[in-house]
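Worksheet: one structure, shown below.
Only the coordinates and a few stated rules stand behind these numbers; no lab work does. On a predicted model such as this, the values are computed, not experimentally measured, just so you know. Virtual Cβ from ideal backbone geometry, glycine too; neighbours counted across all protein chains shown.
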């Protein structure tokens, strides 16, 4: 299990892989590289609280729907499973 800075970095990498905003084009100057940091902090709290995969999926889906108004974000299931293994 990772802790501290290494876990935070791993969570961010998985969120960029999930990419619900589809904004990973490094050539696009309008994309903020820290766009998912707020979500990473929330996920870390969920993990520290003992969340299971279902709870992480619910949290992630609700978070991006609420913050960005995404009605149908990509499935967070595969990423949630990997987050549990950090």
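Data for the structure
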quantity: Subset tally (residues that are without any contact (Cβ under 8 Å) to a residue 60 or more places away in the chain and part of a loop (DSSP other than H, G, I, E, B)) for the stretch 57-86; calculated: 9
quantity: Total residues in the stretch 42-52, condition closer than 20 Å to residue 68 by Cβ and free of Cβ contacts under 8 Å to residues at least 12 places away in the same chain; calculated: 1
